[in-house]
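Structure, as structure tokens:
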Amino acid sequence: MDIQEIVQRVVDEVKRNMNSQKNDIDQNKEETIYFPEERIKGVDKPHNAASIERAQSITPARIGIGRTGTRMLTTSYLQFLIDHAAAQDAVLRDVSDDFLQNMGLHKLETRANDMKSYLMDLDAGRKLSDEAIKYLEKNGEKGKDVQVIVCDGLSSSAVEANVVDLLPALIQGLKLKNISVAKPFFIKRARVWVQDEVAAIVNCDLVISLIGERPGLNTDESLSAYMIYRPTEKTVEADRTVISNIHKDGLTSVEAGAYLSDLIEQMLRAKCSGVTFARQRNVNM
């Protein structure tokens, strides 16, 4: 056997191995793995099963998951990894352009050019980009009662999971109350305070930001609604009203839309928000 024949045999063997690996990969791509979402009850023969069930019913924390030796069960560990990956994806993944198009939300951006600057430089996410400012000055609907903003914040998953139902419910509720609403839009890599600059440009009475919350291991789809009446340069956090934990296992999207429209109506009448609004509301109750 000459050297050329040996080399050819080696090449053929490499090709066969590569094709075999490719087939394995293709088969793995087609395989769908279903993982249970229900609460794990992993304690074997508990002394007080009722107490474990009661604790699990009042908190989403990992209680009563059991153990094997000194470690958690494999199913519990895999669920932890899944939840952790979902939380990371919620932060790092962008809201899809198809979603924004379907919702009719024009996309603006802040001064945070990438995720690193957004996470490390708070002010970058609080200011609109020059292009966004020019767009709002030219195309923003001015002088309305309410301006609605959708922001990815720290969870794109929260936006895509909740805004589909929340936004129509909110706008419908406001219009039924004869409250004028400017056309909503989306701001990428935005923080709450960007609403102050938006309000100044469009000259609205109240601005509400629907923004993704920091994801945890219990849910990566929680949304918050921050509202403020006529913000100024002296505005502080206490001037904002926030409704949080909007998700399927908390305040549902449709319920949130109806509740927020009622709350906004009260703020417009009181001409305030935040702590001042809470005090007036308590006095009138």
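Couple of notes before you dig in:
- Over the stretch 53-192: Kirkwood hydrodynamic radius from C-alpha pairwise inverse distances, Å: 17.9 Å
- R0 of 25 Å, Cβ-Cβ distance residue 131-residue 271: FRET efficiency to nearest 0.05: 0.15
- Relative protection proxy for 167-175, 118-126, from highest mean packing down: 167-175, 118-126 (other beta-carbon atoms within 10 angstrom).
- Distance between the C-alpha centres of the stretch 51-76 and the stretch 234-285: 35 Å, rounded to the whole angstrom.
- The alpha carbon convex hull volume per residue for the stretch 147-285 rounds to 108 Å³.
- Net charge of neighbours whose Cβ lies under 11 Å from the Cβ of residue 280, counting Lys and Arg as +1 and Asp and Glu as -1: +4
- Here the spin labels are modelled as points 7 Å beyond Cα on the Cα-Cβ line, and at residue 280 and residue 120 they lie 4.3 nm apart.
- Each of 62, 240 has its accessible area taken with a 1.4 Å probe; listed largest first, they run 62, 240.
- Probe 1.4 Å - accessible area at residue 262, Å² to nearest ten: 60 Å²
- Estimated from the Cβ-Cβ distance and a Förster radius of 25 angstrom, the FRET efficiency linking residue 252 and residue 96 is about 0.65.
- C-alpha center-to-center spacing [the stretch 138-156, the stretch 161-194] in angstrom: 7 Å
- Taking Lys and Arg as +1 and Asp and Glu as -1, the other residues whose beta-carbon sits under 10 Å from that of residue 261 total 0.
- Our estimate of slack between residue 165 and residue 203, defined as 0.36 nm per intervening residue step minus the Cα-Cα distance, is 11.0 nm.
- Two-site label geometry, residue 45 and residue 16: point separation in nm, points 7 Å out along Cα→Cβ: 5.4 nm
- Counting charges near residue 140 (Lys, Arg +1; Asp, Glu -1) among other residues having Cβ under 11 Å from its Cβ returns a value of +3.
The values are calculated or read from the model by the stated rules, or taken from the named source; none is laboratory data. Note that the coordinates shown come from a computational prediction; the quantities given were computed from them, not determined experimentally. So basically every Cβ, Gly included, is an ideal-geometry build from the backbone, and we count neighbours across all protein chains shown. Each accessible area value is taken on the protein alone, full model and side chains, heavy atoms only, with ligands, DNA and RNA left out. Shrake-Rupley method; radii C 1.70, N 1.55, O 1.52, S 1.80 Å.
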